[in-house]
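This report refers to the structure that appears directly beneath it.
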């Protein structure tokens, strides 16, 4: 039938119009480039669990949106639609059918993507399809409810601020009792903290112990950390619903709070889609370049153990353990070796499941599936693949770094009577922790205070020395001054300051030579150096030298704000405490 | 024996015009593709430090030559061998379409002709098998379009005549040569509008996916090894 002759519903018309706008080059390629070779078919757990039903095949599912693309955007389909099975969409019923496929027959796990010889990224196409449907109000009810909560309340489980803060206080009190301490161990909104810890609202609602476990780890590691009172939800339903606006808004809440608190790093608790959304996709959705670091708590915990900040006794986790890779962590963010390394450190018997890492099967609860109850029977049927995988390991505990996976695995373990417990790495690390007799907690320090730090200013210009020393002394630092390179070296040896600011262009011994001598002298080699120069082109004097580069490099004129920010960053990056403290 | 005027036209002028047509259509196709804005990845790198966007893109582009890289080919080597033979056959037949008119002396050696015939013959057999698979396998049927069937059938028939044309001996009858060149011309004109144009997209698709997954530490894939459970 001629498309023009058939009446199209308002929603169908909008979907077609928005498809044109939403397509980028990568998506257009994924829609145009499929050769229907069928190699993706057996990579999908839905196909494997439903033999004989081709409607679960990734290529078939992709074709349901591809046919619209071909009919309206690609070439041949516009002229000879029947030849390439191009087909427009006209009714709301057809949109409902598309919804059934996009939400109910795919968890966006991306396993077919890495098994496609052409590189068709079906998961991304499916997410776009979801977004188109959501934009006209067609979605599973659960998706609508969760999205609304995240838009309106700020987190996807509708946790109110009071409820969140009460839970933190409750966990704080429990932890104080456990560790025998009598002051708060979960700092809230601490400005200038090194780390801001963000969590999944599921932890507040159903699993507050993971918050306490994380707090215990941060405390014992002597970390300078905080939890935010707002922007604490690192999960993001925009990833599942395909709504980039929601995705950007939610991610920005976290970024804005981190900037407001002035933290150096956002640590994301164990959540696959949260990690992907906040760390990877969020900056794209929000259209924002991020000026601070973000990392998974898995990396943070691993670093604490490697650096000896916490000690663990693996014999406390002495039952066979296997690890389930979250699709978002492993297949979309490359986070799969660190969890294994951590597991080897905190448990006695780790058993690899097969396949694993980026080739692992989905827990079947991904892509927001846990919030779409209408598809539960279908989800649990497809979970047979995962159940077989788990059973084959003989493990008593399955560990995963994802809250969705925790729920998905728990559900299928119950359904298939596997008798396996589901845990997260934070739980295992916390139970393996060796608590020292004396616990040192980082005392809060005013954000801009440099009290106790001694800083040597080496510059031949008196005005510059005065300017820099005034800024530093206003921030409560103690300053020392040297008007040339030789005096600077002499003072550095004698006074052992916490930091040296060094001009490059000076009469006599220039800054490059001073830098080399300071680095080569064992007595001064460890002192951080911040170059402050009016001639940035002289950087070769420094960077051509075979020494550790300076910790900072600033061009004159330098503003008070920039100078202080860099000084603080250097002093805290070195994790220095004032020598006088 | 001299070739007929019709064969000379089919192997020279017709091919040249068809090639120019294909080049023009492909240029327009690429222009069309480039009008879609490429998505940008703002995130700092994640995952392993021994990889990155360039390594990921290179791995992705070479992926198809590494049957061990993807589970779908690793566990289905028969399919991969078919794929390899089929595409070697395509390359051989295309090469033949240039050698016959422009470097016929290359085909004077029977060994060279046999090599062409072996590869093109293997591709023909794969084409027949694939056609059967596409028709008989319900999963393949569900995703196949008339263009899929026609393109595969067209290539298979083309292989058949390419194999017969390889000796380049008009004195034994010009039929196979004429069929081969007319089919080649049709093929050149039809390709930009069919699924066969996938090779135009391939480098772009693999590049973008590889760049992104390399940046995120996923590519090269660290393959699963079946644990020994004793």
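The values are calculated or read from the model by the stated rules, or taken from the named source; none is laboratory data. Fair warning: this is a prediction, and the values are worked out from it, not measured in the lab. Here the Cβ positions follow ideal geometry from the backbone for every residue, glycine too, while neighbour counts run over all protein chains shown.
The residues of the stretch B:195-205 that are surrounded by fewer than 24 Cβ atoms within 10 Å (Cβ to Cβ) and either in contact with a strand residue (DSSP E or B) (Cβ under 9 Å, 6 or more places away or on another chain) or facing another protein chain (nearest Cβ under 8 Å) (or both), listed by number, are B:195, B:198, B:201, B:202, B:204.
Within the stretch A:33-46, none of the residues are in contact with a helix residue (DSSP H, G or I) (Cβ under 9 Å, 6 or more places away or on another chain), more than 9 Å from every other protein chain (Cβ to nearest Cβ) and either surrounded by fewer than 18 Cβ atoms within 10 Å (Cβ to Cβ) or at pLDDT below 95 (or both). When the stretch A:132-172 is limited to residues that are part of a loop (DSSP other than H, G, I, E, B) and under 15 Å from residue A:232 (Cα atoms), the one that is farthest from the chain's Cα centre (by Cα) turns out to be A:160. Scan the stretch A:478-499 residue by residue and report those that are buried (at least 22 other Cβ atoms within 10 Å of the Cβ) and in contact (Cβ under 8 Å) with a residue 40 or more places away in the chain. Selection gives A:497, A:498, A:499.
Let's see how each residue does on (1) more than 30 Å from residue A:286 (Cα to Cα); (2) assigned to a helix (DSSP H, G or I); (3) more than 9 Å from every other protein chain (Cβ to nearest Cβ):
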{"site": "B:42", "(1), (2), (3)": "no, no, no"}
{"site": "B:47", "(1), (2), (3)": "no, no, no"}
{"site": "B:72", "(1), (2), (3)": "yes, yes, no"}
{"site": "B:81", "(1), (2), (3)": "yes, yes, yes"}
{"site": "B:87", "(1), (2), (3)": "yes, yes, yes"}
{"site": "B:90", "(1), (2), (3)": "yes, yes, yes"}
{"site": "B:98", "(1), (2), (3)": "yes, yes, yes"}
{"site": "B:101", "(1), (2), (3)": "yes, yes, yes"}
{"site": "B:106", "(1), (2), (3)": "yes, yes, yes"}
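The residue of the stretch A:438-464 that is modelled with the lowest pLDDT, among those that are in contact with a helix residue (DSSP H, G or I) (Cβ under 7 Å, 6 or more places away or on another chain) and surrounded by 18 or more Cβ atoms within 10 Å (Cβ to Cβ), is A:450. Within the stretch B:20-40, being assigned to a helix (DSSP H, G or I) and either free of Cβ contacts under 8 Å to residues at least 12 places away in the same chain or at the interface with chain A (Cβ under 7 Å from one of its Cβ atoms) (or both) holds for B:20, B:23, B:24, B:27, B:28, B:31, B:32, B:33, B:34. The condition of being within 7 Å of chain B (Cβ to nearest Cβ), within 30 Å of residue A:360 (Cα to Cα) and at pLDDT 95 or above holds for residue A:54.
Looking only at residues in the stretch A:344-369 that are under 30 Å from residue A:102 (Cα atoms) and more than 11 Å from every other protein chain (Cβ to nearest Cβ), the one that is surrounded by the most Cβ atoms within 10 Å (Cβ to Cβ) is A:363.
Of the residues making up the stretch B:119-168, those that are buried (at least 21 other Cβ atoms within 10 Å of the Cβ), away from chain A (no Cβ under 14 Å) and assigned to a helix (DSSP H, G or I) number 10. Scanning the stretch A:35-91 for residues that are assigned to a loop (DSSP other than H, G, I, E, B) and in contact (Cβ under 8 Å) with a residue 60 or more places away in the chain yields A:35, A:37, A:39, A:40, A:44, A:50, A:88, A:89, A:90, A:91. Here A:391, A:379 are screened, and the one residue that is under 22 Å from residue A:139 (Cα atoms) and either within 28 Å of the chain's Cα centre (by Cα) or in a helix (DSSP H, G or I) (or both) is A:379.
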